[in-house]
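The values are calculated or read from the model by the stated rules, or taken from the named source; none is laboratory data. Keep in mind it's a predicted model, so treat the numbers as computed, not measured. Positions of Cβ are generated from backbone atoms using ideal geometry, with glycine treated the same way; all protein chains shown enter the neighbour counts. Calculation scope for accessible area: heavy atoms of the full protein, side chains included, ligands and nucleic acids excluded. Shrake-Rupley method; radii C 1.70, N 1.55, O 1.52, S 1.80 Å.
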Amino acid sequence: ELKVEQNPLFLSMQEGKNYTIYCNYSTTSDRLYWYRQDPGKSLESLFVLLSNGAVKQEGRLMASLDTKARLSTLHITAAVHDLSATYFCASLPKDNDMRFGAGTRLTVKP
Amino acid sequence: DAGITQSPRHKVTETGTPVTLRCHQTENHRYMYWYRQDPGHGLRLIHYSYGVKDTDKGEVSDGYSVSRSKTEDFLLTLESATSSQTSVYFCASGWGGKNIQYFGAGTRLSVL
């Protein structure tokens, strides 16, 4: 069965701290996506990781992909309140068949 | 939201009634998708379309049908709504394959 597992599912952190969200997927996939969703809003694309070893950074967020371990990470550096949202990873085992993790609800507290 | 509009945004209906949700995109994307979002499951693909009148099933297609008569419009129909179809429904569009999908704002459907 195809599975995309994120952990933790809930994350409460202090401003200024660092943390990592993990995304494991069960089938071969050469592409991994990260999306952000604010409460009641749509999903916004953050990163597309295209190959093994890929690393992408945008502001305080950095995503990486290890296709051999079937693992992607989303690292948060010096968190700020504006990063509070739900973050989804998604694997693409075949074209058009995007499989999402359950999401990590991040709350950044002052 | 990349020119993707969903209607209605909220709907409450009764078990056994038909429901149609509409997705409209102005990006001229070839591919369009319908997902449902439930707590603990993330988003799950219901159906997608790869062109006018061309559709295919997704992971959770039972109880749903779709139609695409124009490039810009993709309809999701629940022929006889059940309480298990209470969910938030998202439409997305894109260039297909491995390309990024762009999402609409969602439709919250409650089946009582």
Quiz item: Taking the condition buried (at least 22 other Cβ atoms within 10 Å of the Cβ), touching a Cys at 6+ places or on another chain (Cβ under 9 Å) and of a type outside the set (Gly, Ala, Ser), does B:Tyr48 pass?
Solution: no
Practice problem: Output the residue which, of all residues in the range A:60-76 that are modelled with pLDDT of 95 or more and open to solvent by 60 Å² or more (accessible area, probe 1.4 Å), is farthest from the chain's Cα centre (by Cα). | Solution: A:Arg60
Quiz item: Does the range B:102-110 contain at least one residue that is open to solvent by 20 Å² or more (accessible area, probe 1.4 Å), part of a strand (DSSP E or B) and among the β-branched types (Val, Ile, Thr)?
Solution: no
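For every residue, the table says whether it meets (1) more than 13 Å from the chain's Cα centre (by Cα); (2) within 21 Å of B:Pro39 (Cβ to Cβ); (3) not in a strand (DSSP E or B).
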| position | (1), (2), (3) |
| --- | --- |
| A:Lys17 | yes, no, yes |
| A:Thr20 | no, no, no |
| A:Asn24 | no, yes, no |
| A:Asp97 | yes, no, yes |
| A:Leu106 | no, yes, no |
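Yes or no, residue by residue, for (1) touching a residue at least 40 places away in the same chain (Cβ under 8 Å); (2) closer than 25 Å to B:Gly104 by Cα:
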site	(1), (2)
A:Tyr35	yes, yes
A:Gly53	no, no
A:Thr73	yes, no
A:Ala78	yes, no
A:Ala85	yes, yes
Exercise. Could you tell me which of the residues A:Tyr22, A:Tyr33, A:Tyr87 is open to solvent by 10 Å² or more (accessible area, probe 1.4 Å) and out of contact with any helix residue (DSSP H, G or I) (no Cβ under 8 Å at 6 or more places or on another chain)?
Key: A:Tyr22
Quiz item: Just one of A:Pro8, A:Pro39 is farther than 15 Å from A:Leu61 by Cβ, open to solvent by 60 Å² or more (accessible area, probe 1.4 Å) and more than 10 Å from chain B (Cβ to nearest Cβ); which is it?
Solution: A:Pro39
Practice problem: List the number of the failed condition for B:Gly16; all other conditions in (1) within 14 Å of another protein chain (Cβ to nearest Cβ); (2) on the phi > 0 side of the Ramachandran plot; (3) surrounded by fewer than 12 Cβ atoms within 10 Å (Cβ to Cβ) hold. | Solution: (1)
Quiz item: Restricting to the range B:54-82, what's the tally of residues that are in a strand (DSSP E or B), free of Cβ contacts under 8 Å to residues at least 40 places away in the same chain and charged (D, E, K, R)?
Solution: 5
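Could you check the range A:90-110 and list, in sequence order, the residues that are open to solvent by 30 Å² or more (accessible area, probe 1.4 Å) and more than 9 Å from chain B (Cβ to nearest Cβ)?
Residues of the range A:90-110 open to solvent by 30 Å² or more (accessible area, probe 1.4 Å): A:93-95, A:99, A:102, A:105, A:107, A:109-110.
Passing the criteria: A:Pro93, A:Lys94, A:Arg105, A:Thr107, A:Lys109, A:Pro110.
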Exercise. Would you point out which residue out of B:Gln37, B:Gln85, B:Gln25 is open to solvent by less than 20 Å² (accessible area, probe 1.4 Å), within 14 Å of chain A (Cβ to nearest Cβ) and in contact (Cβ under 8 Å) with a residue 12 or more places away in the chain?
Key: B:Gln25
Exercise. Answer yes or no as to whether A:Leu49 is within 14 Å of the chain's Cα centre (by Cα), open to solvent by less than 80 Å² (accessible area, probe 1.4 Å), under 19 Å from B:Gln101 (Cα atoms) and more than 11 Å from chain B (Cβ to nearest Cβ).
Key: yes
